[in-house]
1. So, in the stretch 1-18, exactly how many residues are surrounded by fewer than 17 Cβ atoms within 10 Å (Cβ to Cβ) and modelled with pLDDT of 95 or more?
2. Cβ contacts < 6 Å: first residue of a type in the set (A, V, I, L, M), restricted to the stretch 477-494; second residue open to solvent by 30 Å² or more (accessible area, probe 1.4 Å) and not in a loop (DSSP other than H, G, I, E, B), any location; separation 6+ or different chain. Result?
3. Hey, can you tell me all the residues within the stretch 190-208 that are more than 18 Å from GLY253 (Cα to Cα) and open to solvent by 10 Å² or more (accessible area, probe 1.4 Å)?
4. Quickly run through the stretch 393-436 and pick out the residues that are at pLDDT below 95, open to solvent by 10 Å² or more (accessible area, probe 1.4 Å) and part of a helix (DSSP H, G or I).
5. Inspect the stretch 226-241 for any residue being touching a residue at least 40 places away in the same chain (Cβ under 8 Å), over 24 Å from MET414 (Cβ atoms) and touching a strand residue (DSSP E or B) at 6+ places or on another chain (Cβ under 6 Å) and give the result as yes or no.
6. Would you check which residues across the stretch 268-285 are more than 18 Å from ASP150 (Cβ to Cβ) and crowded, with 22+ Cβ neighbours inside 10 Å and list them?
7. Look at ALA309 and say whether it is surrounded by fewer than 18 Cβ atoms within 10 Å (Cβ to Cβ) and either at pLDDT below 95 or not in a strand (DSSP E or B) (or both).
8. If I go through the stretch 331-351 residue by residue, how many of them are free of Cβ contacts under 8 Å to residues at least 24 places away in the same chain and either surrounded by 22 or more Cβ atoms within 10 Å (Cβ to Cβ) or more than 30 Å from GLN145 (Cβ to Cβ) (or both)?
Amino acid sequence: MPASMPGSPCSALPIRTFSQEFDEYRGDESRSKGAAESISFPTTEDEVRAIVRNLHTAGTPITVQGARTGLAAGAVPQGGHVLNLSHMNRCLGLREQDGTFYLRVQPGVVLSELRKYLAAKAIPGDGWDDASRAAAARFAEAPEQMFPTDPTETSACLGGMAACNASGARSYRYGAMRDHVSALRLVLANGDVVALRRGAVRAQGRHLALTTEGGATLAVDLPTYTMPHAKNASGYYVADDMDAIDLIIGSDGTLGIISELELELMPAPAVVWAASCFFATESQAVEATIAVRRQLRHAAALEYFDPAALDVLRRARAAGSAFAALPAIPDQFGCCLYVELQAPSEDEAMADLAQLGAIVRAAGGEPEDSWVARTAVDRETLRFFRHAVPESVNMLIDERRRVESTITKLGSDMAVPDERLRDVVALYRTTLAEEGLESAAWGHIGNNHLHVNILPRTAEEYARGKALFARWAAAVTRMGGAVSAEHGVGKLKRDFLCIMYGADHVREMARLKLAFDPAGQLGRGNLFDAALLDEVRAERANAPATAHAGEDA
């Protein structure tokens with residue numbers, strides 16, 4: 001039976017004391033661990049609002065969680081309450097406008113489940129109104145629809161994907177989560193709600209005014225920094241005259257709690273083929289990537305696996321583990337460029353495939369060595385190959401942690417503009433060689449976004465790896481890039497924000513956060529440390545009084 005927190009006047013609230021039963025909710029896929037005093041699993045927005053109102057009175061910190069698949073420790077609690085939204089997993093309604101379908105969901109809907117619903121043309125519609133049921137009938141007759149955002153971990157919740165502006169392999173063609181959210185509802189720290197629909201509320205320059213459903217006005221000045229021209233999930237998205245909804249997406253749970261999303265769907269491609277192209281050297285794969293970006297019309301994903309990543313797979317396969325079903329990777333294959341094609345016809349896909357063969361040969365590879373997948377079964381084999389790399393590395397690090405418990409995997413998430421791909425690859429190779437650190441790199445080379453993973457064996461190597469990441473953050477910033485491209489900032493990368501934007505701009509971000517959440521309850525430790533928020537809060541307390549939606553009206 002759910003129990004309220006001690007002293008709570010709302011005994012019906014589904015708030016439980018945090019006990020050993022909930023130990024798994026202390027951490028996420030970052031392998032970090034935290035602590036909390038209480039936890040809840042609401043199933044509706046009304047329950048979320050009641051819980052946060054109760055906690056607001058005492059100023060209790062609130063950490064929002066979904067499936068806890070994040071890699072930046074954004075869902076790791078630093079005291080207070082864990083608000084886990086994984087039980088808010090219903091599809092709420094469907095509409096069609098000008099031939100495009102829009103699906104309303106709760107934040108706990110899992111991406112893999114959404115994909116099953118769309119592929120089967122069978123979205124659970126319990127409690128839907130007549131308009132949604134009519135749209136569902138048209139949906140069943142329409143061409144198959146898809147939601148294109150494609151993070152590696154398909155067990156991610158959609159709310160978490162929005163909170164960190166997730167992207168993944170197909171972001172090369174379709175962009176990140178932000179591009180496919182048409183509306184959302186945001187519960188503020190005091191239980192009030194802001195409802196936003198794309199195109200309805202825009203900033204005036206760098207000033208944004210929002211009205212809550214409770215009638216309060218939230219007027220904020222947006223930070224003045226310029227976003228990089230690269231794949232980016234580093235802190236708050238801001239731009240002149242921006243759409244208000246874009247500020248919330250990617251805000252790492254620091255401004256409010258996303259209680260509902262509306263997703264814009266699109267027709268699934270008629271033809272999906274894939275090819276894994278192997279090269280002897282990394283420079284060949286880089287040159288092939290640059291040529292593919294210029295020449296292939298229908299590329300949807302460009303992924304890379306460096307020599308060390310292929311070696312990890314060879315060892316995992318040889319060990320007879322869960323990856324024994326992986327295809328054998330011949331020793332002469334030095335690295336791999338994975339290309340996914342999505343085309344309207346087989347003829348167009350075949351033309352791109354022929355062009356890809358010419359690109360591989362021109363870069364110094366052998367087209368005959370490529371693995372080509374034209375069927376769903378073959379594509380699943382290549383997908384397994386692609387996703388097995390990070391899983392194998394996680395297993396390797398878990399083994400090393402049994403010997404040295406203080407270490408974790410160090411995974412980078414940085415991206416640069418297109419013209420700096422060669423430069424950033426050279427940076428990684430030169431500095432890793434200087435430090436003598438073991439690593440494996442893979443990821444979204446089409447967006448100049450490689451996940452370079454340092455694999456420490458000792459606490460000393462772990463410390464040197466962290467210091468190297470700071471050097472990379474500074475160098476990537478000088479290249480016009482971003483310190484976090486898709487994982488968000490969370491707690492692990494917040495120090496990189498000062499490197500990327502500078503201390504003054506980070507203070508602007510903190511002022512924005514406190515305009516939404518004056519007590520700093522939400523996402524404690526995400527983006528900002530507590531000392532900075534305390535300083536900025538003190539500044540606000542000494543400033544002329546203004547109305548804030550995050551305060552009780």
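The values are calculated or read from the model by the stated rules, or taken from the named source; none is laboratory data. Computed from a prediction, not measured in an experiment: that's the story for all the values here. Here the Cβ is made from the backbone with ideal geometry for all residues, glycine too, and neighbour counts use every protein chain on show. The accessibility values were calculated without ligands, DNA or RNA, using every heavy atom of the protein model including side chains. Shrake-Rupley method; radii C 1.70, N 1.55, O 1.52, S 1.80 Å.
1. Total meeting the criteria: 1.
2. MET479/ARG420
3. Kept after step one, since they are more than 18 Å from GLY253 (Cα to Cα), are these residues of the stretch 190-208: 197-208.
Answer for the stretch 190-208, where residues must be more than 18 Å from GLY253 (Cα to Cα) and open to solvent by 10 Å² or more (accessible area, probe 1.4 Å): ARG197, ARG198, GLY199, ALA200, VAL201, ARG202, GLN204, GLY205, ARG206, HIS207.
4. ASN394, MET395, LEU396, ASP398, GLU399, ARG400, ARG401
5. Keep residues of the stretch 226-241 that are touching a residue at least 40 places away in the same chain (Cβ under 8 Å), which gives 228-237.
Now drop any that are not over 24 Å from MET414 (Cβ atoms), which leaves none.
No: zero hits.
6. Within the stretch 268-285, CYS277, PHE278, PHE279, ALA285 meet the criteria.
7. It is false that ALA309 is surrounded by fewer than 18 Cβ atoms within 10 Å (Cβ to Cβ) and either at pLDDT below 95 or not in a strand (DSSP E or B) (or both).
8. The number of residues fulfilling the criteria is 1.
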